[in-house]
1. Going by how many other beta carbons lie within 10 Å of each one, how would you line up B:157, A:88, B:79, fewest first?
2. Among the lysines, select those whose C-alpha is under 17 Å from the C-alpha of residue B:34, and discard any that sit fewer than 8 residues away in the same chain.
3. In region A:48-109, which trypsin sites (Lys or Arg not before Pro) are in a loop and have at most 14 other Cβ atoms within 10 Å, using DSSP for the loop call?
4. Roughly how many nanometres apart are two label points built 7 Å out from the Cα toward the Cβ at residue A:207 and residue B:14?
5. GluC sites (Glu not before Pro) within region B:41-107: which are DSSP loop residues with at most 11 other Cβ atoms inside 10 Å?
6. Between residue B:107 and residues 5 or more places away or on another chain, which pairs have amide H atoms under 5 Å apart, with H built 1.01 Å from N, and which residues are they?
7. What longest region of chain B stays clear of chymotrypsin sites (Phe, Trp or Tyr not before Pro) that DSSP places outside H, G, I, E and B and that have at most 16 other Cβ atoms within 10 Å?
8. For residue B:85, give me every one of the lysines with a C-alpha distance below 18 angstrom, ignoring sequence neighbours fewer than eight places off in its own chain.
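FYI, it's all coordinate maths here, none of it is from the lab. Quick caveat, the model's predicted, so the values are computed rather than measured. We place every Cβ from the backbone using ideal geometry, glycine too, and count neighbours over all the protein chains shown.
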Amino acid sequence: MKRGTLQHYRRRRILRIVLAIVSALFLLLSLAARAEESCVAGEACAESRPLDREFVTSLVGPPRGQPLEGAALAQKTHEIALRLRCPTCQGSSVADSPSATALNMKREVEDLLSAGYAPDQIFDYFEAAYGQFVLLEPKAEGLNLLVWIGPGILLLLGAAILVVYLRHRPEEEEAEPSPAAFSASRTQLPDDEELARWVRKVREIAYGWPGGEPPREAS
Amino acid sequence: MERAPARKLNKGILVGGLLVVLPLLLLFAGSFGKDPRAVRSPLVGRQAPPFSLRTYDGGEAISLARLRGKPVVVNFWATWCEPCKAEHGVLTQAAQKYEGKVQFLGIVYEDEVPRIEAFLKRYGSGYPALMDVGGKTAIAYGVTGIPETFFIGPDGTVVSKFTGPIHAEELEARIAQILGETR
């Protein structure tokens, strides 16, 4: 191959590589720009708005706790999220749900904790918006008391019924069957012919009685 | 063959059992036919949570506080929500009918701008569609499942909340309520 042709091929190869790198960079940049653009309404993203402290304070009062950060903030957020119901899910907590609503709620808890609101203020804030439905542990008041003390009452009631029943059990039930009665039940046959035939077969197998008939007692 | 003697009915146990079972039955019977999701909003009767949100096309922010003195209808919706499509026409028509008297606002819930654009191009746009980035407004309003529509009086108080696709008659009745007209 001539030197000129070789150089031409080399140049074209370098040009291709440069073009590939430029295209890859362009693609990466456009993807990043698209990710920035597609900040979804209602979904957690970098462009999240700051907490409206004035509004929160109007509902639950000024912050009563210490502003949290770092690992303590993450742990407390998780603890509170475990006790909040994800309103768009089927019975799962905000901590357990991967839904956008749950993520937003978790971020809201984080914002409230870093602003210094105490856990009970945070529960009050969510309750003010969603009602008690949002609390996975209902407050022990009103009809909710049934949930807290109902199982205990039912347990006591069951125990009382059991005690009363055992004390007043009819005597005949307590008495052991007499050997004669037991023996009679072993030798009796049902009225139904077909059933009696099967009972005999079972006796033959179980007791070894020939023909299923009880052996005659020696007088 | 001998039969086991019939057991006597223990009245104590019967009464005790009925005392436990009857209240539970009454509780369940009272809830039959009711929508378990139709929980009364704690916001009703209170000041509506404030918000200042930009329109989906990046327009100027619309603040609820600035609308004080005018009844407001706030509808939480999304393009992926089928019932929202059903009520969109009803809301758009009402927004035209009550223009100047009632302010209609749509707050988009968990959705993307290109989809919102396509939806409004197809079904028409009669009132501002606001972006609730981060979902703070939906949380403040206790939104549990869209569509949800809040009716806010001129003094900024939440007068009522409707869950599900609203139909024209219901919408008219609730607008009359926030306008102070009785029906």
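1. Working: B:157 15, A:88 19, B:79 22.
The fewest-first ordering by Cβ neighbours comes to B:157, A:88, B:79.
2. Reachable lysines: B:161.
3. Details: sites: A:53, A:64, A:76, A:83, A:85, A:106, A:107; in loops: A:64, A:83.
Passing both the DSSP loop test and the Cβ count: A:64.
4. In this crude spin-label approximation the distance works out to 4.1 nm.
5. Working: sites: B:60, B:87, B:99; in loops: B:60, B:99.
Taking region B:41-107 and a limit of 11 other Cβ atoms within 10 Å, the loop GluC sites (Glu not before Pro) found are B:60.
6. Result for residue B:107 returns B:75, B:76, B:77, B:130.
7. Working: sites that count: B:32, B:80.
Longest site-free region, per DSSP loop and neighbour criteria: B:81-183.
8. Straight-distance partners of residue B:85: B:121.
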